[in-house]
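The values are calculated or read from the model by the stated rules, or taken from the named source; none is laboratory data. The shown structure was predicted, so the numbers you read here are calculated from the model rather than taken from an experiment. All Cβ positions, even for glycine, are placed from backbone atoms using ideal geometry, and neighbour counts span all protein chains on display. The protein model used for the area step is the full one, side chains on, heavy atoms only, and it has no ligands, DNA or RNA in it. Shrake-Rupley method; radii C 1.70, N 1.55, O 1.52, S 1.80 Å.
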Amino acid sequence: MDEVEVVVAMVGALNATQIPYMVVGSLSSNAYGIPRSTEDADFVVQLGSVPISKLLHFLPEGFRLESQIGVETITSTTRYRIQYENLGIPFGIELFELSDDPHDKMRFERRVPTTYGGSPAYMPRAEDVVVMKLRWFKVDNRRAKDLADVRDVLAVQSGKLDMEYLQKWCDIHGTRDLLEETLAELPIIPPPSAI
């Protein structure tokens, strides 16, 4: 089982248990920007009354739920880690409980159906990937990969983004300057010349 198959197995378990979710983190920025390697897969989940341990019944052998529960820095929500032990390299899955943070709730409501590894899955919209990556970079500017992901998504999705939505949330989170600086650094690609 490779990294893609590990993520597909988790998507399958979430679909089977009917736990609402979306794929976030680097996998979502890879979908809208320029793919890069990652050592984990992040999900936002809405567990409700479903115990996290129920997911393990729908996962193949080799998945293990870590006993220690964590807290996510930005939204202060619960974080669960599930390790896949048979990959040969460290690869984990982090599940973040949907929080009461206004943007966390909004991006979850706006999530879109897509496919991952040939399986049906849900992801945030490109604008919400940018908003969260900028929030992460603001909290820890040593995470240069987040700003690089933002740059890639903005470049690849140029002309397709709801800039008013982006600017609104960046104003709320105090990241508008980061957004504008990143946009200013993007290369200008001239439109195709008319024939």
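By definition, a body whose alpha carbon gyration tensor gives a ≥ b ≥ c is oblate when a/c is 1.5 or more and a/b is not larger than b/c, and the range 1-44 fits this oblate description.
Projecting label points 7 angstrom from Cα along Cα→Cβ for residue 34 and residue 145 puts them 1.6 nm apart. Partner lysines whose Cα lies under 16 Å from the Cα of residue 145, excluding those fewer than 8 positions away in the same chain, are identified as 133.
Normalising by residue count, the range 21-123 has a Cα convex hull of 124 Å³ per residue.
The label point for residue 4 and the one for residue 185, both projected 7 Å from the Cα toward the Cβ, are 3.0 nm apart.
Applying 1/(1 + (r/R0)^6) with R0 = 45 Å to the Cβ-Cβ distance of residue 17 and residue 158, what FRET efficiency is obtained, to the nearest 0.05? The pair residue 17/residue 158 has a calculated efficiency of 0.75. In this simple spin-label approximation, residue 115 and residue 76 carry label points 7 Å from Cα along the Cα→Cβ vector, and these lie 4.2 nm apart. Per residue, the range 78-173 exposes 49 Å² of solvent-accessible protein surface, assessed with a 1.4 angstrom probe and all protein chains in place. For the chain, the carbon plus sulfur part of the accessible surface works out to 51%, probe radius 1.4 Å. Taking the centroid of alpha carbons for each part, the range 83-157 and the range 1-55 are 10 Å apart. Once the trypsin sites (Lys or Arg not before Pro) in DSSP loops with at most 11 neighbouring Cβ atoms within 10 Å are cut out of the chain, the longest remaining piece is 1-141.
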